[in-house]
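*Asks:* Sharing a structure, written as structure tokens. Questions coming.
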Amino acid sequence: MSEDGNAQPARPRAGWLGLHTLDWVAIALLATGIGFVASGLLPLSETDTTMRRVLPILVFLFTVIPLAELTAAAEVFDVIAAWIARTARGSYPALFVLCVALASFTTITLNLDTTAVLLTPVMLALAARIGGRPLPLAMTTVWLANTASLLLPVSNLTNVLAAGRIGLPPVVFAHRMALPQLAAILATMLFLWLFYWRRGVRGADRYPPPDRLRPRRPVLFAVCVAACLLFVVGILVEVPLALASSAAAAIAVAGFLAFDRRDLRWGLIPVRLLVFVTGLFLVMQTIGRHGLDGVLRTLIGTSDGTAGLLRAAGVGAGLSNVLNNLPAYLAGEAVVSVAHHDQVLALLIGTNVAPIITPWASLATLIWYERCRSEGVTVSLGRLSWTGACLAVVGLAGAVGALLLTR
């Protein structure tokens, strides 16, 4: 997508030996981590502790991504998107509210990477279906993939880490993060409308509502809807996250095995993501052990008061956009006292809400950027950065302020 929102020819994504650039990044990260362990820079005892912590996360990723992919193959997202377009009846303000609700719901319940991977092409297809510019829908997807990822442990990998770190079960975690999540979404809606959705930017008063979309395989559609609902209910009743995602994915896979096996393929397994996360944990554990912890401890401070929360959120936000939000959270968490629950949550807000300035700031933003390119769409980095910076500052302040109100 050019700066005016027009489609451009797609660029090839494969690199040397047919591997994507991100594949090589993941491989290099894991190789570096293994090298640190082999050389003794990361002792085996700490390696064992790290791998015990990362194992449930890897199981969750191993199951939730196939669940989301099969749900998309069953046309659940497409049917919902078409229903939204018809429900809005040609009104862009109504479409805006419904698209925000859809992107927020998928992020909160299925995690931000699912929104980036699966909802991006759906939103772009929706833009084509209604004859509108793709930029407003694309930006709705990527911003809410990040800013709507505060409410549940499942919403973001960093949430899983934070909830485990301070011992909050899903319902209690959701209670603490409900007001910050609302503040972040409202700030996102404000800037989406100002920068991308208002009449002077979107270029039309109304759009023609599309025809009703019926799933081609209604049985698989029903199976995947049931699997996703089971997943959400499992989280709410405090079933372990990896177990809930595994059960839901098993239902979806069983449905496809029984009724249509064509969509079952080895590519459903998120190998790149599993390799990336494993390597990232090992590398960040080593770097923190050899100097980074001291620097961040100075920047974040040791106060659990208002100043300490603002510093933690600000450091998390800045480091996320320089590096990536996952290593930023891991590095920050290592220097925050376990007893300082609010400071951990403020750090979490910084690493969840603010990684929208640079394309590499979060894995979801990176995935979204690549999905746009694969769909023949390019995005102006300048516009992405300055509009994202405006939202990051206001959204971060609003969410941390909301956290302070609920101490």
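The values are calculated or read from the model by the stated rules, or taken from the named source; none is laboratory data. Here the structure is a predicted model, which means the values were calculated and not measured. Neighbour counts are summed over all protein chains in view; Cβ atoms, including those assigned to glycine, are modelled from backbone coordinates with ideal geometry.
*Asks:* Considering 72, 82, which residue is modelled with pLDDT under 90, within 16 Å of residue 207 (Cβ to Cβ), of a type in the set (Gly, Ala, Ser) and out of contact with any Ser or Thr (no Cβ under 7 Å at 6 or more places or on another chain)? Write out each step before concluding.
*Replies:* Details: 72 fails: within 16 Å of residue 207 (Cβ to Cβ).
That would be 82, the only listed residue that is modelled with pLDDT under 90, within 16 Å of residue 207 (Cβ to Cβ), of a type in the set (Gly, Ala, Ser) and out of contact with any Ser or Thr (no Cβ under 7 Å at 6 or more places or on another chain).
*Asks:* Under the condition of being out of contact with any Phe, Trp or Tyr (no Cβ under 9 Å at 6 or more places or on another chain) and within 17 Å of residue 171 (Cα to Cα), which residue from the range 144-155 is modelled with the lowest pLDDT? Before the answer, list the steps.
*Replies:* Start the filter on the range 144-155 by keeping residues that are out of contact with any Phe, Trp or Tyr (no Cβ under 9 Å at 6 or more places or on another chain), which leaves 144, 146-147, 149-150, 155.
The next check asks that each one be within 17 Å of residue 171 (Cα to Cα); those that pass are 149-150, 155.
Numbers: 149: 97, 150: 96, 155: 91.
So, considering only residues that are out of contact with any Phe, Trp or Tyr (no Cβ under 9 Å at 6 or more places or on another chain) and within 17 Å of residue 171 (Cα to Cα), the one modelled with the lowest pLDDT is 155.
*Asks:* Let me ask something else. Out of the residues in the range 9-46 that are part of a loop (DSSP other than H, G, I, E, B) and touching a helix residue (DSSP H, G or I) at 6+ places or on another chain (Cβ under 9 Å), state the one that is modelled with the lowest pLDDT. Steps first, answer last, please.
*Replies:* Let us first name the residues in the range 9-46 that are part of a loop (DSSP other than H, G, I, E, B), namely 9-13, 15, 19, 40-43.
Okay, now just the ones that are also touching a helix residue (DSSP H, G or I) at 6+ places or on another chain (Cβ under 9 Å), so 10-11, 13, 15, 19, 41-43.
On the way: 10: 39, 11: 42, 13: 49, 15: 53, 19: 76, 41: 91, 42: 90, 43: 91.
Per the stated criteria, the residue is 10.
*Asks:* Okay, moving on. For residues that are touching a residue at least 40 places away in the same chain (Cβ under 8 Å) and small (Gly, Ala, Ser), scanning just the range 211-243, find the one that is surrounded by the most Cβ atoms within 10 Å (Cβ to Cβ).
*Replies:* 227
*Asks:* Another question, then. Give, as residue ranges, the helices (runs of 4 or more DSSP H) completely inside the range 292-380 that count at least 3 residues that are over 22 Å from the mean Cα position of the chain (by Cα) and farther than 25 Å from residue 282 by Cα. Even if it seems obvious, please write down each step before you answer.
*Replies:* Working: elements: 293-300, 306-322, 325-333, 341-353, 363-374.
It comes to 306-322.
*Asks:* Inside the range 187-210, can you point out the residues that are free of Cβ contacts under 8 Å to residues at least 12 places away in the same chain, outside any loop (DSSP other than H, G, I, E, B) and within 18 Å of residue 391 (Cβ to Cβ)?
*Replies:* Correct list: 194 only.
*Asks:* To continue, here is another question. Looking at (1) within 20 Å of residue 110 (Cβ to Cβ); (2) in a helix (DSSP H, G or I); (3) aliphatic (A, V, I, L, M), find the lone condition where residue 239 falls short.
*Replies:* Condition (2) is where residue 239 drops out.
*Asks:* What's the total number of residues in the range 117-133 that are in a helix (DSSP H, G or I) and either of a type in the set (Gly, Ala, Ser) or over 18 Å from residue 359 (Cα atoms) (or both)?
*Replies:* Of the range 117-133, the ones in a helix (DSSP H, G or I) are 117-130.
Subset that is either of a type in the set (Gly, Ala, Ser) or over 18 Å from residue 359 (Cα atoms) (or both): 122-130.
Adding up the residues that qualify gives 9.
*Asks:* Something else about it: Where the second residue is at pLDDT 90 or above and surrounded by fewer than 20 Cβ atoms within 10 Å (Cβ to Cβ) and the first is in a helix (DSSP H, G or I) and of a type in the set (Ser, Thr, Tyr) and lies in the range 87-116, which pairs have Cβ atoms under 8 Å and are six or more apart or on separate chains?
*Replies:* From residues that are in a helix (DSSP H, G or I) and of a type in the set (Ser, Thr, Tyr), the pairs are 87/94; 87/98.
*Asks:* Shifting gears a bit: Among the numbered criteria (1) touching a helix residue (DSSP H, G or I) at 6+ places or on another chain (Cβ under 6 Å); (2) under 18 Å from residue 30 (Cα atoms); (3) not basic (Lys, Arg), which one does residue 292 miss?
*Replies:* (2)
*Asks:* If you check 377, 338, which single one turns out to be touching a residue at least 12 places away in the same chain (Cβ under 8 Å) and within 20 Å of residue 123 (Cβ to Cβ)?
*Replies:* On the way: 338 fails: within 20 Å of residue 123 (Cβ to Cβ).
Result of the check over 377, 338: 377.
Here's the yes/no breakdown for (1) among the polar types (S, T, N, Q); (2) exposed (fewer than 15 other Cβ atoms within 10 Å of the Cβ):
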{"residue": "48", "(1), (2)": "no, yes"}
{"residue": "83", "(1), (2)": "no, no"}
{"residue": "87", "(1), (2)": "yes, yes"}
{"residue": "93", "(1), (2)": "no, yes"}
{"residue": "96", "(1), (2)": "no, no"}
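For (1) modelled with pLDDT of 95 or more; (2) buried (at least 17 other Cβ atoms within 10 Å of the Cβ), each residue gets a yes or a no:
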| site | (1), (2) |
| --- | --- |
| 172 | no, no |
| 179 | yes, yes |
| 182 | yes, no |
| 185 | yes, yes |
| 188 | yes, yes |
| 197 | no, yes |
| 203 | no, no |
| 209 | no, yes |
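*Asks:* Considering the range 128-166 alone, what residues qualify as being within 17 Å of residue 64 (Cα to Cα) and either in contact with a Leu (Cβ under 8 Å, 6 or more places away or on another chain) or surrounded by fewer than 24 Cβ atoms within 10 Å (Cβ to Cβ) (or both)?
*Replies:* Taking the range 128-166 first, the residues within 17 Å of residue 64 (Cα to Cα) are 145, 149, 152-161.
Once the filter is applied, which keeps residues that are within 17 Å of residue 64 (Cα to Cα) and either in contact with a Leu (Cβ under 8 Å, 6 or more places away or on another chain) or surrounded by fewer than 24 Cβ atoms within 10 Å (Cβ to Cβ) (or both), the range 128-166 yields 145, 149, 153, 154, 155, 156, 157, 158, 159, 160, 161.
*Asks:* Restricting the search to the range 264-291, which residues are in a helix (DSSP H, G or I), buried (at least 16 other Cβ atoms within 10 Å of the Cβ), touching a residue at least 60 places away in the same chain (Cβ under 8 Å) and of a type outside the set (A, V, I, L, M, F, W, C)?
*Replies:* Of all residues in the range 264-291, those in a helix (DSSP H, G or I) come to 266-268, 271-291.
Filter again for buried (at least 16 other Cβ atoms within 10 Å of the Cβ), leaving 268, 272-288.
Among the residues that remain, those that are also touching a residue at least 60 places away in the same chain (Cβ under 8 Å) are: 268, 272-283, 285-286.
Matches in the range 264-291: 272, 278, 279, 285, 286.
*Asks:* In addition: Pick from 100, 64, 54, 79: which is within 17 Å of the chain's Cα centre (by Cα) and surrounded by fewer than 24 Cβ atoms within 10 Å (Cβ to Cβ)? Walk me through it before giving the result.
*Replies:* Numbers: 64 fails: surrounded by fewer than 24 Cβ atoms within 10 Å (Cβ to Cβ); 54 fails: within 17 Å of the chain's Cα centre (by Cα); 79 fails: within 17 Å of the chain's Cα centre (by Cα).
Residue meeting the stated conditions: 100.
*Asks:* Would it be correct to say that residue 296 is touching a Phe, Trp or Tyr at 6+ places or on another chain (Cβ under 9 Å), in contact (Cβ under 8 Å) with a residue 24 or more places away in the chain and among the hydrophobic types (A, V, I, L, M, F, W, C)? If you could, list the steps in order and put the result at the bottom.
*Replies:* On the way: touching a Phe, Trp or Tyr at 6+ places or on another chain (Cβ under 9 Å): no; in contact (Cβ under 8 Å) with a residue 24 or more places away in the chain: yes; among the hydrophobic types (A, V, I, L, M, F, W, C): yes.
Against the criterion (touching a Phe, Trp or Tyr at 6+ places or on another chain (Cβ under 9 Å), in contact (Cβ under 8 Å) with a residue 24 or more places away in the chain and among the hydrophobic types (A, V, I, L, M, F, W, C)), residue 296 does not qualify.
*Asks:* Here is a further query. Would you mind telling me which numbered condition in (1) over 19 Å from residue 21 (Cα atoms); (2) modelled with pLDDT under 95 residue 345 fails?
*Replies:* Of the numbered conditions (1) over 19 Å from residue 21 (Cα atoms); (2) modelled with pLDDT under 95, the odd one out for residue 345 is (2).
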